[in-house]
Amino acid sequence: MAKKTNKTPARSRGQAQRKKSPSRKKAAAPRRRWFSWAFVAKFSLVLLVIGAAGLAYLDAMVRERFDSHVWQLPARVYARPVELYEGRVLSREDMLKLLDLMRYRRDAAASTPGSFAVQGSRLLIHTRGFKDSDGGETPKRIRISLSGGQIRNLDAGGDGLARLEPLQIGSIHPQHAEDRVLVPLEQVPPLLVDMLVATEDQSFYEHHGISLRGLARAMVANVKAGGLVQGGSTLTQQLVKNFWLTSERTLSRKLLEMPMAILLELHYSKQEILEAYLNEVYLGQDGARAIHGMGLGAQFLFGRPLEELEPHQLATLVALLKGPSWYDPRRRPERAMERRNTVLRVAMEEGALSKADFDKYSARPLEVVPRGASALYAFPAFIDLVRRQLARDYPPEVLSDEGLNIHSTLDVLAQLASEGALKEHLNNRDPGEKQKLNGAVVVVAPAQGDVLALVSNRNSREAGFNRALDAQRPMGSLAKPAVVLAAVREPKQWSLASLVEDGPIQVKLPNGDVWAPQNFDKQAHGAMPMVDVLAQSRNQATARLGLDVGLDKVAKTMETLGVTRKVPQYPSILLGSLALTPFEVAMMYQPLATGGFSTRLRSITDVLDKEGKPLARYPVSTDEVVEAGPAFLTQWAMQQVVEKGTARSARAYLPKDLKVAGKTGTSDDFRDAWFAGFSANHLAVVWVGRDDNAGAGITGSSGALPVWARLMGKLPQRSLSQTPPNGVEWVWMNPDGQRVSAEGCGDARRFPMMEASIPEDTDGCGSVKQSGKGIKKWFKGLFD
Amino acid sequence: MQNRQGWIRILVVALVMSGCAVRPPEAPVEPMTASVELEGSPAMALLQRAESARQQGQGAAAERYLERALNIAPDSSWLYRALADLRLSEGDARGAEGFALKALRLAPDHDDYQASLWEMVATARERQGDRDGARDARSRAAALRNPVARPV
């Protein structure tokens, strides 16, 4: 049926054609008129009008695009600048590591920015300079002596301060975006322009967009060379191709290219065209990111600014123009080398390069930096954090197009130490192909809230699931300091010397279940001072203490410390049933590390526009959330965790006298291993576990603490203050926790005590030595 | 029992006091300056840069200098005081209060200096509408300015 209905109209069409044919025969008679001159004239006029309209359209298109110069300039993210000053703890090895990461070149005289020389025990560094919200730095030569792990001497002129420019660690652009580093023509090395003109378009300065001579010359050159050494299209045509047209090789594109090139030359100077070309030209692909322009090309291939490249490196960039993929110096080094030397030779033939220089530079290796070595992709987890913090304040198109410069808080050395520590530990514990364990590290400078490092994967270069920000896991015993803090905030009832019973405890829950926590070793340990409950991480005693203090107060304390999730008032929160991400744990521990001052964690300090003009600051701000006394007591109790408690194995990695504090955490069935701890200048949180949340057979002490200890041991540390604030005194206490004792009396121990907690009664042993504040209290007793 | 102890103490104090009825003159206290904490530190240069940036109305630059200085001298009360002062002049009273309290936490044992910080806290609290808090801060400042009136 279907066939039949199909055929019917076909037949009728045929009939119609047959019907028409007689009239066509009739029309044959006036054929000569069809070709009349008048018709030709009219037709030409129509063509002319269409052509003119087309040209006008093309002209508008050319001018519109060129005038607006809207290049997508993704936001660039930089690490923190390296501050250099006398007395700074910085090993020579780390200094050289930084210079290497920043691709500083060794040069005996450090004659240009981005170079350095080793002169015995001193380094001569020619810094590159950068813009910052405080004006930034101009390039300058500085002399620096490093010994004993410190900057001993710094000669930087002026007031003795110097900074190395911040390392670029990423750019923020949407998928399939273009990326480029804009370079004004006056900053482009003249040799690059000479090489470009010599190899790509020798009559560039003479022609008007297209060059027949150039085409002919290119053909002759190609025949002579027995291969394609020169292209026929002018630089202007190539720019048109890059700017407006797709890379398809179609006739229509060729037909458009020429008039557009001519129009471009009509409106713009050679200098303008050259500058646009140098910044627009496509030089390759880096994953989803398209590499455009010589500025980014220099960074992509050599890790340096264009101005710092040497002739053979400039020639490599020019070599790429003929086929970015075909002559890719990383994948096709022989091909790229051959083409590079052709560029050098042509430059020599055209007088842009001396014979001596040609001999010298054509013998140099390609010197391309390995793909993975660039800091630009090294820290995906941290860049993710920056992107999230920026997304709150800037719409995506601003971030991808406007070339913002983002100064971040990343400390490259802290980041590398964290990555190394996590990887090393997990490779030891979980070697082989089938890696089950993974982890995350957050390192923060607690006073200013600067996020110094963020690791979210044992293979830290891999992007993907950001465990540091998104892996929400029960915090286990990391909750215990909040219980202790809630208790010591009520000094009339509790002190760190107060005895707490560690024994079986049962709580009937509203749903009828019974909550009966066990200790890690399944034992009950009897009465012990509160500080030992924390140091030994006793579950039953913590539960009892928390219930006595009040679940509401513990929950409130957690919120005060910075837990933003709703803390439910279940007894299990005392032992860390609340799930937090490693980043949230860092937020919660930050006030503990600073003696009670809460500071918002930041990954960004400043945002500058593409010219380096300051746009916005993300300033430090701080609020006192916990009173000095209870904060000091809690911090001291957490120090005992490392001194003699569950984290004492960390001591082996740390300087002998360094005072640090922290807490181990292990969740049920050994799924999550945590350690969160701090010195005066670094707070680090480590989580280790499995992505599938299966039991990992690890504890905070065995799974996470070694990572923490290793990384803290690699960073310069300052001790936590041992000076009690007003209202706190050191007191020798009788083991009963209720009477003042004295040094050397039996099992008396020394505690920091809130004045309100110090008992009137003494155990009568020894002479009770009173501190200055004790005398004050004694006087006060006169009037009570 | 406790009452009797109190009487004994008063007796002891009376006996001791009778021996020193004339109070020796106190040595004049040096005024607190930046150099007390920062002499010889590179942070001093940054503080000076911050001050000149501030005088030129460049608040953001001043703040950046102070943040850099704090990285070098993290326990300097004076630097936190400078930040508090800057915030106050920029109309951020809450920020100023936080920094002034932090400056107090790190402050050396210097009454006039601590009093000036409590006065700053009071101003910051007043501007936030926290009258009780401001009054408390003012009375702390007053007690420090006039130690005789200070309750023992």
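Readers should treat all values here as calculations from the given coordinates under stated rules, not as data from a laboratory. Small disclaimer: the values here were computed from a predicted structure and weren't measured. FYI the Cβ positions are ideal-geometry reconstructions off the backbone, even for glycines, and counts take in every protein chain you see.
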Would you mind working out the magnitude of the charge dipole of the protein assembly as shown relative to its Cα centre, with +1 at each Lys and Arg C-beta and -1 at each Asp and Glu C-beta, to the nearest 20 Debye?
-> 5120
Can you give the mean number of other chain Cβ atoms that lie within 10 Å of the Cβ atoms in peptide A:80-91?
-> 2
Any idea what the relative contact order of the stretch B:51-152 is, in percent, if you count C-alpha pairs under 8 Å spaced at least 6 apart?
-> 19
Cross-link partners among aspartates and glutamates for A:K360, C-alpha distance below 20 Å, same-chain residues fewer than 8 apart left out?
-> A:D107, A:D194, A:E307, A:E308, A:E310, A:E334, A:E338, A:E349, A:E350
Taking K and R as +1 and D and E as -1, what net charge do the other residues with C-beta under 10 Å from the C-beta of A:P630 add up to?
-> -1
Cα lying deepest toward the dipole's positive end in the stretch A:259-333, options A:P329, A:N279, A:M294, charges on Cβ = A:P329
May I ask you to order A:292-299, B:55-62, A:651-658 by the average number of other C-beta atoms within 10 Å around their residues, highest value first?
-> A:292-299, B:55-62, A:651-658
Per-residue ³J(HN,Hα) for the stretch A:445-461, Karplus 6.51 cos²θ - 1.76 cosθ + 1.60, θ = phi - 60°, Hz, x for Gly and Pro = 8, x, 5, 9, x, 6, 7, 8, 7, 8, 10, 10, 6, 5, 9, 5, 6
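Taking only the Cα atoms of the stretch A:581-630, how large is their convex hull per residue, in Å³?
Considering the Cα atoms of the stretch A:581-630, their hull volume per residue is 82 Å³.
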Compute the normalised compactness of the stretch A:81-165: alpha-carbon radius of gyration over 2.2 N^0.38 Å, N being the residue count.
-> 0.99
Could you run the Karplus curve 6.51 cos²θ - 1.76 cosθ + 1.60 with θ = phi - 60° over the stretch A:187-199 and give me ³J(HN,Hα) per residue in whole Hz, x for Gly and Pro?
-> 9, 7, x, x, 4, 5, 5, 4, 5, 4, 5, 5, 8
Please give the average number of partner chain Cβ atoms lying within 10 Å of the Cβ of each residue in B:47-53, rounded to a whole number.
-> 1
For the peptides A:423-430, A:703-710, what is the packing order when you average, over each peptide's residues, the other Cβ atoms within 10 Å and list the highest mean first?
-> A:703-710, A:423-430
Coil-residue trypsin sites (Lys or Arg not before Pro) of the stretch A:552-631, DSSP, other Cβ within 10 Å capped at 10 | A:K566
In Å, the C-alpha Rg and Dmax of the stretch A:173-373 are 16.2, 46
Ranked from fewest to most other Cβ atoms within 10 Å of their own Cβ, B:R49, B:R135 fall in the order B:R135, B:R49
One finds, for A:L658 and A:W515 with R0 = 41 angstrom and r their Cβ-Cβ distance, a FRET efficiency to the nearest 0.05 of 0.60
Under the definition of partner shielding as Cβ atoms of other protein chains within 10 Å of a residue Cβ, what is the mean value for peptide B:60-70?
-> 6
Once all Cα-Cα distances of the stretch A:476-577 are split into 5 Å bins that start at 0, what whole-number percent is in each one?
-> 2, 14, 26, 25, 19, 10, 3, 0
Summed residue charge, Cβ within 9 Å of B:G133's Cβ, Lys/Arg positive, Asp/Glu negative | -2
In deg cm²/dmol, rounded to 500, what helix-only [θ] at 222 nm does the protein assembly as shown give when every DSSP H run of at least 4 residues adds -39500 (n - 2.57) and the total is split over its residues?
-> -14000 deg cm²/dmol
Karplus-derived HN-Hα couplings along the stretch A:82-99 (A = 6.51, B = -1.76, C = 1.60, θ = phi - 60°), whole Hz, x at Gly and Pro | 8, 7, 10, 7, 4, x, 5, 6, 7, 7, 4, 4, 5, 4, 5, 4, 5, 4
First check a/c for the stretch B:96-152, with a ≥ b ≥ c the square roots of the eigenvalues of its C-alpha gyration tensor; if it is under 1.5, answer rounded, and if not, answer prolate when a/b is larger than b/c or oblate otherwise.
-> oblate
Past the 26 Å Cα-Cα mark, which pairs from A:K566/A:K663; A:K131/A:K270; A:K556/B:K102; A:K131/A:K241; A:K553/A:K663?
-> A:K131/A:K270; A:K131/A:K241
What percent do you get for the relative contact order of chain A when only Cα pairs under 8 Å and 6+ apart count?
-> 11
May I have the extent of the alpha carbons of chain A along their three principal axes, as whole Å values ordered from largest to smallest?
-> 135, 87, 53
5 Å-binned pair-distance histogram of the stretch A:127-231 (Cα, whole percent) = 2, 8, 10, 11, 11, 10, 10, 9, 9, 7, 5, 5, 2, 0
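Between A:N459 and A:E338, how high is the FRET efficiency from 1/(1 + (r/R0)^6) when r is the Cβ-Cβ distance and R₀ = 30 Å? Nearest 0.05.
0.25
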Using label points projected 7 Å from each Cα along Cα→Cβ, tell me how many nm separate A:R217 and A:Q493, to one decimal.
-> 9.3
Percent relative contact order of the stretch A:565-660, based on C-alpha pairs within less than 8 angstrom and at least six residues apart?
-> 20
